[in-house]
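As structure tokens, the structure follows; a few thoughts come after it.
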Amino acid sequence: MTDQAVGGGQLPPEAKHRPAGGAAAAPSRRASGPRRDGALTVTVPAPAAAPPAVRISGRRRELKALRADIERTGLDTLTGRRGTRSRVLLIAGRPGSGRTALAEALLRELAADYPDGVLRAVLTGRDGVPAATEAIARELLEALGTHAPPGAAEDELSELLRDALAGRRALLFLDDAPGAEQVEPLLPDAPDCLVVVVSQGPLTGIPDVRPCTLGGLDAAAAVDILARFAGPTRITVDPLTADAVAEECAGQPAALVLAGGWLAARPRSSLADLHQALCDVPLPDGLSTAARPLYRAFRLAYEALPAPAARILRLTVLAPGGLVDAHTVAALAGCSVGTAGAALHEFTALGMLRPGGGQDGTPDGAAGHPHYRVPGCLAPLVRELLEECERPADIQLARARMLQRTVRLLVSCRAMSEEPGSPARQKVAGLPRSLRFPSRAAAADWLRGRRGVLLDAARIAVADGELDTLDRRLMAALTRTLLAHQGPEAAAPDLYALHGLVLEVARRRGLAREQAAALLNLADLDAQAGRTDAALTRYRGALEAARSADDAVATGRALESLGGMYGERGDWQRAADWYGRALELRLARGERADAARLHGRIGGAYARAGRWDEALKAWRTAARTYRRAGDTAGQARATGELAHVLDCAGRPEEALRTCREALETVRKAGDGPLEAALQLRIADILERLGDPAAARLHRAAGERLLEDHPD
């Protein structure tokens, strides 16, 4: 949960539409990685002039110490040798201390020295649960342009990340790290890189880390924050009370921002009124001393909200990734878009929200609506209010409305991948403007920026367990949209996660057909990644589920896939056996074309095993079946393979005769590439039979055909 505040980087109301606290020093080409449990962006410095830096208060000494710490001699350099790992700087402090904004200020100062850019990742989810290291490593790799196979384990991804960063000079910012166990797998073996970590406690177990521990701001810096919100006049006329307010807030930037926002909204109130109001906020039992200032400031601001606005604020924490816009909030709260937008605007002025678009690379919504985030230090307090004030049934209804809107957005996004005038495009043209995209590029940009949030939405609904019907619709729509805009290869890692969620829901609901489909999809991705053992296990599970659901299509696919996996392992006898079982099913269903193909696969397996008689029998049957099905090209291919097996079996004359038969058949089919392959095969056989002149003629004919059909 990121911590952004003044002194920490939050902007006063007059600048509230600019990104708060995390803008990169150099305006840059920004590649935004997908967000899952955490958030990630990559900033690559560009030659353009930097925008005005976000002002922070009272942290110059810490900045100076951090910069000095980069150059100090570490334990690994005492011998005179340069270390092999990146230097790690730790900024430690409670949420609300301005730790993230201090880190961002440091990154702005250092950006010019690291030409390979800035990588950012948040290691704790909005619900306070540590982000999966695999997800963070994958997103960092994607931002670096490195492909990682779907379903890869943490160790493999960590190694790939270290390889990708080797030889680079980049900054790696790991925000809100729960502990060393989440940080260590992400550390580069690259001495020219620098890692900046924000955490509440020490990174025990990572050597040579010197923490910069943040306490409260000094009085002058704290009063400066209040002055930005309340204006200098009220500070000047009552400096002692201003100091008392700063002390009541314990110099915590987030508490000071909330107090300043409360005062800014009340031009007639004095600092004394603010101080008294803070002191009057009741404290719950067991609240630690360090947590009291932020609790009081937040409760003061919250209790001043009208009831409808207070409810809207509570519901914002239901948004996946903590990212909200007016339409998402309207869906959650069941209110008008105008009411939601006005509330978000007010929350930002009060320091309860910060702008979310722009800072982290997340684009605006379908109709260009700005996004906001609840600051990480406030999210637990807002969540407590949600659980305290909202009935579980109302929370479920709010989530259902939000998921329904998300499904409609995904349908609209996928439709934009089709040609203008298509039925899908015509259908979404009737949707409200907020659910439409102006172009295919805009839809693709929206999907790219929101992909991680959409995956979070599916995960949350699956974990909740009460919205499985809507969640299944969401996962189906997201799968189709990813495939439409990104294609199977680029979308594979996200599809792997989605199929896993589908499997979880299918098992929970006893949906055998969907369970079989999810297992087949996961097994396919495992097979593509070379994880044959995992693929075999999943294909067997899919076979069992498909049979229990009496799903002949899934059963046949599972049987055939098992044959393919055993072929990958070189176990050709088992491969032929599984293909044979699939063939029996196809024959029983009268699926002649698939039966012919499986006869060929059986023949190929036997040929690889050197069992020539069985291979010849299978390929002859395949050729006959293709002929009966009227597939001339298939018949020619099977006859050509039959000739190849005859040649391998030491029967060249018969092979030559069969190959010529195949050549006559393929000419009827008009398959140029296959004809070229057969001509070259005939040439090879003729050379072995001692007829080089005829071989040259056939080889020349084959090469001409290849030139005419380069594919």
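Out of all the residues in segment 429-438, is one or more in contact with a Phe, Trp or Tyr (Cβ under 7 Å, 6 or more places away or on another chain), small (Gly, Ala, Ser) and closer than 24 Å to Arg399 by Cα? So far as segment 429-438 goes, no, none of its residues is in contact with a Phe, Trp or Tyr (Cβ under 7 Å, 6 or more places away or on another chain), small (Gly, Ala, Ser) and closer than 24 Å to Arg399 by Cα. Residue pairs whose Cβ atoms lie under 6 Å apart, separated by 6 or more positions or on different chains, with the first residue in segment 295-318 and among the basic types (Lys, Arg) and the second assigned to a loop (DSSP other than H, G, I, E, B) and open to solvent by 10 Å² or more (accessible area, probe 1.4 Å), are Arg296/Val281; Arg299/Val281. Among the residues of segment 111-139, those that are in contact with a strand residue (DSSP E or B) (Cβ under 6 Å, 6 or more places away or on another chain) and in a helix (DSSP H, G or I) comprise Ala111, Ile136, Glu139. Checking the stated criteria, Leu386 turns out not to satisfy the condition of being within 24 Å of Gln486 (Cβ to Cβ) and open to solvent by less than 50 Å² (accessible area, probe 1.4 Å).
A quick yes/no check of all residues on (1) within 30 Å of Asp456 (Cα to Cα); (2) modelled with pLDDT of 95 or more; (3) within 28 Å of the chain's Cα centre (by Cα); (4) surrounded by fewer than 23 Cβ atoms within 10 Å (Cβ to Cβ):
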{"position": "Ala132", "(1), (2), (3), (4)": "yes, no, yes, yes"}
{"position": "Glu142", "(1), (2), (3), (4)": "yes, no, yes, yes"}
{"position": "Thr146", "(1), (2), (3), (4)": "yes, no, yes, yes"}
{"position": "Asp176", "(1), (2), (3), (4)": "yes, no, yes, no"}
{"position": "Asp192", "(1), (2), (3), (4)": "no, no, yes, yes"}
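Considering (1) modelled with pLDDT of 95 or more; (2) under 21 Å from Arg608 (Cα atoms); (3) within 29 Å of the chain's Cα centre (by Cα), the lone condition that Asn521 does not fulfil carries the number (2). Residues that are in a helix (DSSP H, G or I) and in contact with a Pro (Cβ under 7 Å, 6 or more places away or on another chain) within segment 499-542 comprise just one, Leu525. Residues in segment 250-266 include none that are open to solvent by 40 Å² or more (accessible area, probe 1.4 Å), in a helix (DSSP H, G or I) and either at pLDDT 90 or above or in contact with a Gly (Cβ under 9 Å, 6 or more places away or on another chain) (or both). Counted as qualifying within segment 140-245 are the strands (runs of 3 or more DSSP E) with 3 or more residues that are within 30 Å of Arg448 (Cβ to Cβ), namely 171-177, 194-199. The residues in segment 103-127 that are out of contact with any Lys or Arg (no Cβ under 6 Å at 6 or more places or on another chain) and under 15 Å from Leu89 (Cβ atoms) can be counted, and the count is 13.
Would you call Thr233 open to solvent by 10 Å² or more (accessible area, probe 1.4 Å) and in contact with a Leu (Cβ under 7 Å, 6 or more places away or on another chain)? So Thr233 fails the test.
Can you confirm whether segment 543-562 contains a residue that is in a helix (DSSP H, G or I), open to solvent by 40 Å² or more (accessible area, probe 1.4 Å), acidic (Asp, Glu) and modelled with pLDDT under 95? No, segment 543-562 contains no residue that is in a helix (DSSP H, G or I), open to solvent by 40 Å² or more (accessible area, probe 1.4 Å), acidic (Asp, Glu) and modelled with pLDDT under 95. For segment 411-454, a residue qualifies if it is open to solvent by less than 60 Å² (accessible area, probe 1.4 Å), farther than 19 Å from Thr328 by Cα and either part of a loop (DSSP other than H, G, I, E, B) or charged (D, E, K, R) (or both), and the qualifying residues are Met416, Ser417, Gly421, Ser422, Arg425, Ser439. Would you check if Arg401 is open to solvent by 20 Å² or more (accessible area, probe 1.4 Å) and not in a loop (DSSP other than H, G, I, E, B)? Here the answer is yes, as Arg401 does meet what is asked. Residues in segment 566-578 that are open to solvent by less than 20 Å² (accessible area, probe 1.4 Å) and either in contact (Cβ under 8 Å) with a residue 40 or more places away in the chain or among the aromatic types (Phe, Trp, Tyr) (or both): Tyr566, Gly567. Within segment 493-500, one or more residues are of a type outside the set (Asp, Glu), touching a Ser or Thr at 6+ places or on another chain (Cβ under 7 Å) and closer than 15 Å to Thr479 by Cβ.
Picking from residues in segment 217-230 that are small (Gly, Ala, Ser) and touching a helix residue (DSSP H, G or I) at 6+ places or on another chain (Cβ under 7 Å), the one that is surrounded by the fewest Cβ atoms within 10 Å (Cβ to Cβ) is Ala219.
The residue that is farthest from Asp526 (Cα to Cα), counting only those in segment 139-165 that are touching a helix residue (DSSP H, G or I) at 6+ places or on another chain (Cβ under 6 Å) and touching a residue at least 60 places away in the same chain (Cβ under 8 Å), is Leu144. Residues satisfying the criterion are absent from segment 352-366 (criterion: over 21 Å from the mean Cα position of the chain (by Cα), over 26 Å from Ala230 (Cα atoms) and at pLDDT below 95).
In this structure, Thr537 does satisfy being hydroxyl-bearing (Ser, Thr, Tyr), without any contact (Cβ under 8 Å) to a residue 24 or more places away in the chain and open to solvent by 10 Å² or more (accessible area, probe 1.4 Å). Answer yes or no as to whether Leu470 is modelled with pLDDT under 95 and either open to solvent by 40 Å² or more (accessible area, probe 1.4 Å) or under 21 Å from Ser417 (Cβ atoms) (or both). In short, no.
The values are calculated or read from the model by the stated rules, or taken from the named source; none is laboratory data. What you see is a predicted model, and the numbers here were worked out from it, not measured in a lab. With ideal geometry, Cβ positions are generated from the backbone for all residues, glycine too; neighbour counts draw on all protein chains shown. With ligands, DNA and RNA removed, areas are computed over all heavy atoms of the protein, side chains included. Shrake-Rupley method; radii C 1.70, N 1.55, O 1.52, S 1.80 Å.
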